[in-house]
Amino acid sequence: MKSCILTFQSAYNYGAVLQAYALQEYLSQNFGETMILDYHNSSIDKSYARPDFNDLIHNPKRSVFRWMQNILYKGKNRRIDQFRKDYLRLTKRYDADNIKDANDEADTFITGSDQVWNHLIIGRDTNYFLDFTQPSKHTCSYAASIGVNKIPEEYAELYKNAAGYIGRISVREQEGIKALEDIGIKGAQLNPDPVLLLSKEKWLELSAAPESGKKYILVYKITKADKLLKFAKKLSAMTGLPIVYIPNDLKSGSVGALKLDVGPREWLGYIDNAEYVVTNSFHGT
């Protein structure tokens, strides 16, 4: 049977594209032809786009920051786009207006992994619950992450109704099982993130080692993390090793040699060749 994965393949985030690749590869190797639905959530795409004039008028400070980050991350984004082109088997592009046409793409639809059920990211976009699929299609989630410990009351009924379109549910965190049970969705399984389904050797095939053969500490950070940066500096002082710093965003602080044009393959290479990795990221871990 043909399968399609619905996930965050369009995000400019290492974990997002690598988990999509991992699930695609694992399913293709073990079950049959698998592609990734090139679905675009307008809110997610807008978060990475350059701010327009309207954004600048209503939120100038945030817009200037987004504009600067967009310029500084131009190299990173270009490399992620190339990774998607080279390694992800994407369908044609879909959005909220034509998603029902995607039923022709596959026999089985799988939503996950990543935070596809996090209301802070998807809002009320129930396409991530596969509610666009026809009754004849097989559906499941794989290691879907809710991203929060509790589903807000205003989303409870929406989630409960939407989850009815999914034949079998699996989530990534134990807290996710409880969050679903709290709103009446029972029987969810716990499964590992897709990146853990592939072997070390498979990841090393993708890895691109840094050109410098020198030893270093790698710092990869998401969100504000002053304690993490402080710890990294202390570790550097203790070991005498320099810091290579790959930030997911530029909101808080900098340390060591800043690397902004790193793609997914280079990111794997920096992790593989580091003496130490200091991170607060799930996929960094």
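The values are calculated or read from the model by the stated rules, or taken from the named source; none is laboratory data. Values in this document were obtained by computation on a predicted structure and should not be read as measured data. Backbone-built Cβ (ideal geometry, glycine too); neighbour counts: all protein chains shown. Accessible surface areas use protein heavy atoms only, side chains included; no ligands, DNA or RNA. Shrake-Rupley method; radii C 1.70, N 1.55, O 1.52, S 1.80 Å.
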Among the residues listed as A179, A208, the single one being open to solvent by less than 30 Å² (accessible area, probe 1.4 Å) and assigned to a loop (DSSP other than H, G, I, E, B): A208
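Kindly provide the set of residues from segment 66-78 that are in a helix (DSSP H, G or I) and either open to solvent by 90 Å² or more (accessible area, probe 1.4 Å) or touching a residue at least 12 places away in the same chain (Cβ under 8 Å) (or both), ordered by number. Talk me through it step by step, then tell me what you get.
Taking segment 66-78 and keeping what is in a helix (DSSP H, G or I), we get 66-72, 74-78.
Within segment 66-78, R66, W67, M68, Q69, N70, L72, K74, G75, K76, N77, R78 meet the criteria.
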What are the residues in segment 111-137 that are crowded, with 20+ Cβ neighbours inside 10 Å and in a loop (DSSP other than H, G, I, E, B), if any? G112, S113, D114, Q115, V116, W117, L130, F132, T133
With the requirement that a residue be surrounded by 20 or more Cβ atoms within 10 Å (Cβ to Cβ) and of a type outside the set (A, V, I, L, M), what does segment 148-163 give you? Y159
Selected residue [free of Cβ contacts under 8 Å to residues at least 40 places away in the same chain, open to solvent by less than 70 Å² (accessible area, probe 1.4 Å) and over 23 Å from the mean Cα position of the chain (by Cα)] from D81, D55: D55
Which one is most open to solvent (accessible area, probe 1.4 Å), of the residues in segment 227-258 that are more than 29 Å from R66 (Cβ to Cβ) and either touching a residue at least 60 places away in the same chain (Cβ under 8 Å) or of a type in the set (G, A, S) (or both)? A237
